[in-house]
Amino acid sequence: MKTDLEIKQDVLEQIEWQNKLDKTQIGVIVNDGIVTLTGLVFSYAIKLEVIDAVKKVAGVKAIAEEIKVGYISTLNKTDTEIANTAIKMIEWNASVPNNKVIVEVENGFITLSGTLEHAFQRDAAKRTVEYLTGVKGVTNNITLQQIIEPKDVQEKINRAFVRSAVIDALNITVEVTNNTVKLTGKVHSISEKEEAQKVAFNAPGVYEVQNEIEIVH
């Protein structure tokens with residue numbers, strides 16, 4: 001089992017390796033496997049990359065994210081400019097149906113709302129705007145109204161787990177009640193836990209995923 005000090009060192013090295021950042025830019029505190037991140041970065045995209053790097057470190061149970069985004073003056077955009085760009089990018093994304101997503105921007109923070117049929121469409125809309133210049137954060141309030149009735153959902157999810165190169169299917173149990181999927185079991189990283197949830201959400205007819213998978217060292 002890793003100590004908190006070992007996890008901290010691995011986190012700092014992973015951030016430096018994956019993001020080519022000077023690890024002194026990011027503050028890392030680890031307490032019982034829970035990682036708190038602090039510091040200042042110059043784009044929301046970098047912030048997301050740092051968080052993604054930490055999720056890949058074995059032994060990290062949870063992340064408390066307190067990283068601030070501060071754009072340099074030449075990269076600042078007005079809320080109107082951000083909104084216009086976000087709308088165009090969503091319209092150009094073939095995975096997102098036209099005229100279904102509402103974009104609101106306040107002080108550089110984007111809120112997405114509307115109703116879509118599938119989880120992958122909702123995720124695609126969020127990913128489309130996360131890396132736009134001037135964006136400080138994204139809240140995804142898009143709801144799902146799937147028209148496909150879930151049949152054999154448990155079997156479909158289990159088969160998807162088996163196909164995955166990231167997920168250890170033998171260590172995860174899938175339970176399905178109506179349109180809700182409950183995941184239990186044990187994995188070794190936040191990335192694996194989140195990948196399991198993502199796979200379950202992509203199954204037809206799934207509205208909610210209760211992810212109770214434990215992370216073990």
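The values are calculated or read from the model by the stated rules, or taken from the named source; none is laboratory data. It should be emphasised that the depicted structure is a prediction, and the values quoted were computed from it without experimental measurement. Note: ideal-geometry Cβ built from the backbone for every residue, glycine included; neighbour counts use all protein chains shown.
Specify the residue that is nearest to the chain's Cα centre (by Cα); the eligible residues are those in the range 18-47 that are modelled with pLDDT of 90 or more and hydroxyl-bearing (Ser, Thr, Tyr). Top of the filtered list is Thr36.
In the range 194-216 there is at least one residue that is farther than 29 Å from Tyr44 by Cβ and modelled with pLDDT of 90 or more.
Condition first: in a helix (DSSP H, G or I) and either under 20 Å from Phe201 (Cβ atoms) or assigned by TED's automatic domain parsing to the domain that holds Ser43 (or both). Now tell me which residues in the range 76-128 satisfy that. Those that are in a helix (DSSP H, G or I) and either under 20 Å from Phe201 (Cβ atoms) or assigned by TED's automatic domain parsing to the domain that holds Ser43 (or both): Ile90, Ala119, Phe120, Gln121, Arg122, Asp123, Ala124, Ala125, Lys126, Arg127, Thr128. Just need a number here: residues in the range 127-174 that are modelled with pLDDT under 80 and touching a Gly at 6+ places or on another chain (Cβ under 8 Å). Summing the residues that are modelled with pLDDT under 80 and touching a Gly at 6+ places or on another chain (Cβ under 8 Å) in the range 127-174 gives 5.
Only one of the numbered conditions (1) over 30 Å from Phe109 (Cβ atoms); (2) modelled with pLDDT of 90 or more is not met by Lys2, and that is (2). In the set (1) touching a strand residue (DSSP E or B) at 6+ places or on another chain (Cβ under 9 Å); (2) in a loop (DSSP other than H, G, I, E, B), the condition left unmet by Val166 is number (1). From the list Lys100, Lys55, Lys61, the one residue that fits, being buried (at least 17 other Cβ atoms within 10 Å of the Cβ), in contact with a strand residue (DSSP E or B) (Cβ under 6 Å, 6 or more places away or on another chain), farther than 19 Å from Lys136 by Cα and of a type in the set (D, E, K, R), is Lys61.
Which residue pairs have Cβ atoms closer than 7 Å, lie 6 or more positions apart in sequence or on different chains, and pair a first residue in the range 43-56 that is more than 15 Å from Ile190 (Cβ to Cβ) with a second residue that is of a type in the set (D, E, K, R)? Close Cβ pairs (under 7 Å, with a partner that is of a type in the set (D, E, K, R)) amount to Tyr44/Glu130; Tyr44/Lys136; Ala45/Glu130.
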